[in-house]
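The values are calculated or read from the model by the stated rules, or taken from the named source; none is laboratory data. In this text the structure is predicted, and so the values were computed from the model without any measurement. Glycine gets a Cβ as well: all are built from the backbone with ideal geometry, and neighbour counts include every protein chain shown.
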Amino acid sequence: MSRAVRVRITVNGEPREADVEPRLLLVHFLRDTLGLTGTHVGCDTSNCGACTVHLGGEAVKSCTILAVQADGSEVRTIEGMASDGALHPMQEAFWANHGLQCGYCTPGMIMVAADLIEKRPDASEAEIRHTLEGNLCRCTGYHNIVKAVQDAASKAREEAGAAS
Amino acid sequence: MSAVEQEAPARFVGRSLRRKEDPPLITGKGRYVDDISLPGMLHAAIVRSHEAHARIVSIDASAARERADVVAVLTGEDLDDLLAPLPMAWVPPDVEVKAPEHWPLARAEVCHVGDPVAVVIGEDRYSVVDAAEEVLVEYEPLPVVVDMEAALEDGSPLVHESLGTNRSHEWSIGGGDLDGAFADAEVVVERRIVNHRTAGTAIEPRGTIADWRQDSLTLWTSTQIPHLVRLQLAGMLGVSEDRLRVIAPDVGGGFGSKLNVYGEEVLLAHCARRLGRPIKWIETRSENLQTTTHGRDQIDYVRLAAKRDGTITGLHVKILQDLGAYLQLLTPAVPSLGAFVMSGCYKIPAIRTDVVGVYTNKFATDAVRGAGRPEATHLVELMVEQLATELEMDSLELRRKNFIPKEDFPAEVASGVIYDSGDYHASLDKLLEHVDLDAFRREQAELREQGIHRGIGFSTYTEICGLAPSRIVGPGGFGLQGGFWESAIVRVHPSGAATVFTGSSPHGEGLDSGFAQFVSDRLGIDPEQVEVIHGDTGTGPFGMGTYGSRSLAVGGESASRAAGKVAEKARRIVAHMLEAAPEDIEVADGRFQVRGSPDKGMTLAEVAGAAYIPEDLPEGMEPGLEETSFYDPENFVFPFGAHACICEVDVETGKIRVVRYVAVDDCGPAINPMLIDGQVHGGVAHAIGQALYEQIAYDEDGQLVTGTFVDYALPTAAELPSFETDRTETPSPVNELGVKGVGEAGTIAATPAVVSAVVDALRPLGITFLDMPLTPVRVWQAIEQARTNGGAGGSAPAGSRPGDGAAPDGGES
Amino acid sequence: MIPISFDYEAPESIEDAIRLLGEGGEEAKLLAGGHSLVPLMKLRLAAPSLLVDLRRVPGLRGVESSNGGGVESSTGGFRIGAMTPHRQLELSPELGLVSRAAATIADPQVRHRGTIGGSVAHGDPASDLPAVLLAAEAHVAATGPDGEREIAAEDLFQDYLTTALGDQEVLTHVSFPDISAYGSGYEKFNRRSEDWAMVAVAALVRVRDGVCEDVRVGLTHMAGVPLRAKATEDALRGQPAEAQAIAQAAEQAAEGTDPPGDLNSTPEYKRHLARVLTRRALTEAAGVGG
């Protein structure tokens, strides 16, 4: 049995602390230790992206990161995307554009897409598709997911334009 | 005149309203099986065979049992008290199906990699995985057979010694004078077409929680068929059905792979009863690729008879179906769904489909999105292309020449089923409004000058869905052991909001939203006021579940009819209270009002108030406002459409890129066009996956080569284009809504369009035929071989024997 | 799918990391981004008893020019800290070939976490960066109990998943010489964009007065280790930077390779791909039209 390690991780703005086995995957820390079950597991090999969260402001696959590696970091999950009862624009865009069907890949898709559009709201369709290459969806054929991301991007650009 | 036609124009049907289902799913508040935790819950891990075929010599679980974090380790002999093996529901009259017993844990012998041998139950998710590795199983290897053609040869190793053969069953369906058709044929085209093994791969793997308390079991499971799981569990566990409650919570995709009764569901229920604590098992993706049902995997020996003018006169298909090692719920029935529509869109007077089921040391195949119909469309459409090549005819002209004309509907086809409605010419015409074929041919020629190889491929398809009717599908007909109706209860609450309980059990299709649109139209309320409840045997009526594109055409019609009955009662109440005739009451502007006097009317809330506080109801009327429908259709429904695909092939590397995909589909009047498009997108992507990327592959020792998502290659957004979709709307006469299913249409239509596009691109190199999957290496090999052959006609696809249309075993059976 | 239990340390200095590796013995492993190691551990194909995480060790992140300071252009060569994630390289187009190859690794999430040091030290012949290091004639710096040493890329990759790094050595930096005078081309062939390379080719060509003065070609996944396509390099060196010369030289790209086959490739096919991709990469690197 390995020595437990204390981790302090800020999750969706709240500091959380726990003693964990070093082998505990970040996704299981979120799901089982904290009860944040919006982050999903769909494969064993870092391919499907259903477990995508933001770590230090970047989209990562939480199934391939040990909770101990995230010690001292900020994590944002799908549960932390809406604020003050208002959906995040990417959530809104997925809803408006029918960017989901069964919903299982959706949190990961929203997280990776939100990361992209926060950084590059002018991303082209090709760039959006390339950015989604680590997230698998079996329901939508990606068509409406791409449309949703484009929609959110265009709204982000409008907002940036209005603000400047 | 149907009830629907009596009503005022729809307020919600036909509109692309956004989905009711989405708010929890986009905020991380979905509830899939793995999101559920119960107090005192244990976890299970399954020890699986790494041998493809072996006798179990011994199982030593002592080390695992000694661990403090392990509660129990069970093996096959611990399940002796199960009353029946896992179910297989196809018992066709006059056909003998030789089937092995299939238990949740192997007894004495394992027959495929992944066959469960033991289950380890312990305190947490991680430690049971450790403990499972400490269960030591000694195997004595037995001979393995992986190839279905080899399995039929004399002297082949037997998957099940006790059956004495690898041939499970033979079955034929057809009609017309086939011998005459071939005797009189002016041209005969033959092909051996491989439709390889794939996997459904819902992104949520399977998972089950069993909780047994006070002689009652609650089972949460990721399934498409909760009621059928309950029924079967009752029989296997020897427990009265009323003591069992099966719940399909949010289900993260199915695609046929969750249309089953799986060993793990029985196992968990059994263990929870034995241990007195709730137990959770969540499938890993590696397990999912090993032991969640695969799809397709048939070899089709096809012969097509025609006249020189292009008239198709006969079609003979011999299907070898690779069953795998066991029969799951519907395994042997799958090719038959294709056989029903082997005519495709064409008027073919004589057709026979002969099916041979073959055991191999692989996991079971069963339904995967389309189930038999993608295979049928694939072979029919490729054969039409082959015939066009043979006759040097334009393949679209050939199609038009043979289309069943619009005026022939309802049209009985050679298999004996009756196509309900269709307009295949209109569908193809609409497709060609989107695809300027002449312009493409010019562009294609210009690009070829630059060394760029683009091609276009077409698929015109018709499919059979809306499974029902019971008298055709059920025990005395096709032989499935059940009824195939669907149920619904529509309950209007005293406040005027409504709840629909449906026996359908969706997993992403948007059923709640679609149902709410037509139910709200029928009741004069808003879709937000309609809640749709499903997937829980403890709340709704018995139902058959969601598969075979049946949820709208059967389940939806049922809900619509129940809502219609409620509306009818409401009309009588309103007529009584407003002193009008019931037939003069219409639903308009969100109210029940007197036709011609829009100022006289009542809202549903007012009607409900009157129904629940029955001070002034019509004479003899019961209080309350709730109705039930059990709907068993008179016929299947037959959606259809025309698709086109443009592909570009890098002829140096064999890599293919889908440049453009256009789909025109007809599933009757649209309830919600946005949802239809979404279904088509996903279906087309699934089929492109099969055509170009995905393959379940075993090596000759029966080891699974594609056991993770690294090797089982689902296409990603980076591989696919955006799709173009359009519709025609030909109502079905079968149901009042006029609707047909669309969940499988894209998957059924698309593979031949993709393959034909690639062949079209490579035709100048002498290639006229290719088998899937069109992986770069296979395409490159085909190009190399065609070059070696000097670009002579015919083709040389990797892994295929073109021209070898005759079946190897017994030929004309 | 979860790893076997192990102990974990996150030291704050190289010295402590080296000490911990020594104490942990053979079963101790360094952890960088973890995107090579953790997947293997989850599948239980790797089972270290101790992980020594480098995340707190200072000075291992970022890119600097060899003459100190930032990197506006790659003139003068540059040094990349071992813990620098692929994403940072991807977003640094001034790194040329390195940046282009890094941009093709797996997917954005993996590129956010996976590091150049982890990727190189793992020694997977299907990884993108090792062949780039070979072509660029880069060096890695490693610190161990006996101090720091430099290892040339050509000496680093010894066998499948095996490098010249000692059990207690920490790879700290990758140093690239000045390749600003070279044109570059990177061709990666895979079935899906997120996949490992079936074959990839990294090419550098220095053209002067229309002649290929120097040629370097690195091959990915054509053997148990990344390789240089020496025969091609020799054939093109001194030849005109023209399509025909490039095509002829590229025909020799598979010489001396020993590519593994799998479900989606055969050795013959991979040799063919190596020739095609080498031609394409050289064509771009030499600035030849078409």
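Six or more apart or on different chains, Cβ under 7 Å: which pairs go from a residue in the range A:42-70 that's within 12 Å of A:Val112 (Cβ to Cβ) and within 7 Å of chain C (Cβ to nearest Cβ) to one that's assigned to a loop (DSSP other than H, G, I, E, B) and of a type in the set (A, V, I, L, M)? Could you list them?
A:Gly49/A:Leu136
Evaluate the following for C:Pro267: is it under 22 Å from C:His122 (Cβ atoms) and out of contact with any Ser or Thr (no Cβ under 8 Å at 6 or more places or on another chain)?
Details: under 22 Å from C:His122 (Cβ atoms): no; out of contact with any Ser or Thr (no Cβ under 8 Å at 6 or more places or on another chain): yes.
The answer is no for C:Pro267.
Please enumerate the residues belonging to the range C:9-64 that are among the basic types (Lys, Arg) and crowded, with 18+ Cβ neighbours inside 10 Å. Walk me through it before giving the result.
If we filter the range C:9-64 for residues that are among the basic types (Lys, Arg), which is where we start, we get C:19, C:29, C:42, C:44, C:55-56, C:61.
Within the range C:9-64, C:Lys29, C:Lys42, C:Arg55 meet the criteria.
Look through B:Ile646, B:Ile656, B:Ile676 and report the one residue that is more than 13 Å from chain A (Cβ to nearest Cβ), farther than 16 Å from B:Pro776 by Cβ and not aromatic (Phe, Trp, Tyr).
Working: B:Ile656 fails: farther than 16 Å from B:Pro776 by Cβ; B:Ile676 fails: more than 13 Å from chain A (Cβ to nearest Cβ).
Just one listed residue meets the conditions, B:Ile646.
Any residue at all in the range A:59-70 that is more than 26 Å from C:Pro11 (Cβ to Cβ), surrounded by fewer than 24 Cβ atoms within 10 Å (Cβ to Cβ) and modelled with pLDDT of 95 or more? So that I can check it myself, show each step before the final result.
Kept after step one, since they are more than 26 Å from C:Pro11 (Cβ to Cβ), are these residues of the range A:59-70: A:59.
Imposing the further condition that a residue be surrounded by fewer than 24 Cβ atoms within 10 Å (Cβ to Cβ) reduces the set to none.
No; the residues of the range A:59-70 include none that is more than 26 Å from C:Pro11 (Cβ to Cβ), surrounded by fewer than 24 Cβ atoms within 10 Å (Cβ to Cβ) and modelled with pLDDT of 95 or more.
Go over the candidates C:Arg271, C:Arg208, C:Arg280 one by one and state the one that is more than 18 Å from C:Lys188 (Cα to Cα) and either within 22 Å of the chain's Cα centre (by Cα) or away from every other protein chain (no Cβ under 14 Å) (or both). Explain how you work it out, then say what you get.
Details: C:Arg271 fails: more than 18 Å from C:Lys188 (Cα to Cα); C:Arg280 fails: more than 18 Å from C:Lys188 (Cα to Cα).
Answer to the selection: C:Arg208.
Kindly provide the set of residues from the range C:199-215 that are touching a residue at least 40 places away in the same chain (Cβ under 8 Å) and surrounded by fewer than 24 Cβ atoms within 10 Å (Cβ to Cβ), ordered by number. Walk me through it before giving the result.
So the first thing to find is which residues in the range C:199-215 are touching a residue at least 40 places away in the same chain (Cβ under 8 Å), and the list is C:199-205, C:207, C:212, C:215.
The one that is touching a residue at least 40 places away in the same chain (Cβ under 8 Å) and surrounded by fewer than 24 Cβ atoms within 10 Å (Cβ to Cβ): C:Val207.
For the range B:473-480, indicate whether the set of residues that are among the β-branched types (Val, Ile, Thr), away from every other protein chain (no Cβ under 14 Å) and in contact (Cβ under 8 Å) with a residue 12 or more places away in the chain is non-empty.
Taking the range B:473-480 as the starting set, the residues that turn out to be among the β-branched types (Val, Ile, Thr) are B:473.
Add one more test, that the residue is away from every other protein chain (no Cβ under 14 Å), and what stays is B:473.
Filter once more, keeping what is in contact (Cβ under 8 Å) with a residue 12 or more places away in the chain: none.
The answer is no, given that none of the residues of the range B:473-480 is among the β-branched types (Val, Ile, Thr), away from every other protein chain (no Cβ under 14 Å) and in contact (Cβ under 8 Å) with a residue 12 or more places away in the chain.
For the range C:102-129, what are the residues that are at the interface with another protein chain (Cβ under 9 Å from one of its Cβ atoms) and of a type in the set (Asp, Glu)?
If the condition is that a residue be at the interface with another protein chain (Cβ under 9 Å from one of its Cβ atoms) and of a type in the set (Asp, Glu), then C:Asp107 is the only one that fits.
I'm told B:Val144 meets every condition in (1) among the β-branched types (Val, Ile, Thr); (2) touching a strand residue (DSSP E or B) at 6+ places or on another chain (Cβ under 6 Å); (3) over 22 Å from B:Leu330 (Cβ atoms) except one. Can you identify the failing condition by its number?
Only one criterion is unmet by B:Val144, namely (2).
Sort out for me the helices (runs of 4 or more DSSP H) sitting completely within the range C:105-149 that have 1 or more residues that are farther than 22 Å from C:Glu169 by Cα, acidic (Asp, Glu) and out of contact with any Cys (no Cβ under 9 Å at 6 or more places or on another chain).
Working: elements: C:108-113, C:116-122, C:128-136.
Once the helices (runs of 4 or more DSSP H) in the range C:105-149 are filtered for at least 1 residues that are farther than 22 Å from C:Glu169 by Cα, acidic (Asp, Glu) and out of contact with any Cys (no Cβ under 9 Å at 6 or more places or on another chain), what remains is C:128-136.
Which of the residues spanning the range A:107-132 are surrounded by fewer than 22 Cβ atoms within 10 Å (Cβ to Cβ), within 13 Å of chain C (Cβ to nearest Cβ) and touching a Lys or Arg at 6+ places or on another chain (Cβ under 9 Å)?
Correct list: A:Glu127 only.
Out of all the residues in the range A:71-94, which are assigned to a helix (DSSP H, G or I), within 9 Å of another protein chain (Cβ to nearest Cβ) and either in contact (Cβ under 8 Å) with a residue 24 or more places away in the chain or touching a Gly at 6+ places or on another chain (Cβ under 6 Å) (or both)? Don't jump to the end; show me each part of the working.
Step one: of the range A:71-94, the residues assigned to a helix (DSSP H, G or I) are A:78-80, A:89-94.
Filter once more, so that each one left must be within 9 Å of another protein chain (Cβ to nearest Cβ): A:78-80, A:90-92, A:94.
If the condition is that a residue be assigned to a helix (DSSP H, G or I), within 9 Å of another protein chain (Cβ to nearest Cβ) and either in contact (Cβ under 8 Å) with a residue 24 or more places away in the chain or touching a Gly at 6+ places or on another chain (Cβ under 6 Å) (or both), then A:Ile78, A:Glu79, A:Gly80, A:Met90, A:Glu92, A:Phe94 are the ones that fit.
On the basis of being within 12 Å of chain B (Cβ to nearest Cβ), surrounded by fewer than 24 Cβ atoms within 10 Å (Cβ to Cβ) and assigned to a loop (DSSP other than H, G, I, E, B), does A:Gly103 make the cut? Spell out the reasoning first.
On the way: within 12 Å of chain B (Cβ to nearest Cβ): yes; surrounded by fewer than 24 Cβ atoms within 10 Å (Cβ to Cβ): no; assigned to a loop (DSSP other than H, G, I, E, B): yes.
Answer is no for this residue.
Only one of these conditions is not met by A:Ser2: (1) closer than 30 Å to B:Pro673 by Cα; (2) at pLDDT below 95. Which number is it?
(1)
Just for the range B:276-327: of the residues that are among the acidic types (Asp, Glu) and in a loop (DSSP other than H, G, I, E, B), which one is surrounded by the fewest Cβ atoms within 10 Å (Cβ to Cβ)?
Taking the candidates together, the pick is B:Asp309.
Output the residues belonging to the range B:358-402 that are of a type in the set (D, E, K, R), in a loop (DSSP other than H, G, I, E, B) and buried (at least 22 other Cβ atoms within 10 Å of the Cβ).
Within the range B:358-402, the subset of a type in the set (D, E, K, R) is B:362, B:366, B:369, B:373, B:375, B:381, B:385, B:390, B:392, B:394, B:397, B:399-401.
Now narrow it down to the ones that are in a loop (DSSP other than H, G, I, E, B): B:362, B:366, B:369, B:392, B:394.
Residues satisfying the conditions are B:Lys362, B:Asp366, B:Arg369.
Any idea which of C:Ser184, C:Ser175, C:Ser180 is more than 15 Å from C:Ala32 (Cβ to Cβ), among the hydroxyl-bearing types (Ser, Thr, Tyr) and modelled with pLDDT under 95?
Working: C:Ser184 fails: modelled with pLDDT under 95; C:Ser175 fails: modelled with pLDDT under 95.
Result: C:Ser180 is the single residue among C:Ser184, C:Ser175, C:Ser180 that is more than 15 Å from C:Ala32 (Cβ to Cβ), among the hydroxyl-bearing types (Ser, Thr, Tyr) and modelled with pLDDT under 95.
Among the numbered criteria (1) part of a helix (DSSP H, G or I); (2) out of contact with any His (no Cβ under 8 Å at 6 or more places or on another chain), which one does B:Ser415 miss?
(1)
Take the range B:672-704 and flag every residue that is under 18 Å from B:Gly295 (Cα atoms) and assigned to a helix (DSSP H, G or I).
The answer is B:Gly682, B:Gly683, B:Val684, B:Ala685, B:His686, B:Ala687, B:Ile688, B:Gly689, B:Gln690, B:Ala691, B:Leu692, B:Tyr693.
Considering only residues that are crowded, with 24+ Cβ neighbours inside 10 Å and more than 7 Å from every other protein chain (Cβ to nearest Cβ), look in the range A:29-38 and name the one that is farthest from C:Met1 (Cα to Cα).
Ranking the qualifying residues of the range A:29-38, first place goes to A:Leu30.
Any residue at all in the range B:541-549 that's among the aliphatic types (A, V, I, L, M), buried (at least 24 other Cβ atoms within 10 Å of the Cβ) and at pLDDT 95 or above? Reasoning before the result, please.
Within the range B:541-549, the first condition is being among the aliphatic types (A, V, I, L, M), and the residues that meet it are B:544.
Of the ones still in play, those that are also buried (at least 24 other Cβ atoms within 10 Å of the Cβ) are B:544.
Now drop any that are not at pLDDT 95 or above, which leaves none.
Looking through the range B:541-549, none of the residues is among the aliphatic types (A, V, I, L, M), buried (at least 24 other Cβ atoms within 10 Å of the Cβ) and at pLDDT 95 or above.
One residue is enough: does the range B:82-91 have a residue meeting the conditions in contact with a Leu (Cβ under 8 Å, 6 or more places away or on another chain), buried (at least 16 other Cβ atoms within 10 Å of the Cβ) and closer than 30 Å to A:Asp32 by Cβ?
no
Out of the residues in the range B:565-586 that are crowded, with 24+ Cβ neighbours inside 10 Å and within 21 Å of B:Val532 (Cα to Cα), state the one that is farthest from the chain's Cα centre (by Cα).
To start, the set of residues in the range B:565-586 that are crowded, with 24+ Cβ neighbours inside 10 Å comprises B:566-567, B:570, B:573-574, B:585.
In the following step, the residues that additionally are within 21 Å of B:Val532 (Cα to Cα) were identified as B:566-567, B:570.
Working: B:Val566: 32, B:Ala567: 33, B:Ala570: 38 Å.
Checked the range B:565-586; the qualifying residue farthest from the chain's Cα centre (by Cα) is B:Ala570.
As an exercise: evaluate B:Thr284 against (1) at positive phi; (2) within 14 Å of chain A (Cβ to nearest Cβ) and give the number of the one condition it does not meet.
Of (1) at positive phi; (2) within 14 Å of chain A (Cβ to nearest Cβ), only one is false for B:Thr284: (1).
Could you figure out which of (1) surrounded by fewer than 23 Cβ atoms within 10 Å (Cβ to Cβ); (2) part of a loop (DSSP other than H, G, I, E, B) isn't true of C:Glu194?
Result: C:Glu194 fails condition (1) only.
Restricting to the range B:361-381, what's the tally of residues that are out of contact with any Gly (no Cβ under 6 Å at 6 or more places or on another chain) and among the acidic types (Asp, Glu)?
Count: 2.
Under the condition of being touching a strand residue (DSSP E or B) at 6+ places or on another chain (Cβ under 7 Å), in contact (Cβ under 8 Å) with a residue 60 or more places away in the chain and among the basic types (Lys, Arg), which residue from the range B:206-252 is surrounded by the most Cβ atoms within 10 Å (Cβ to Cβ)?
Taking the candidates together, the pick is B:Arg230.
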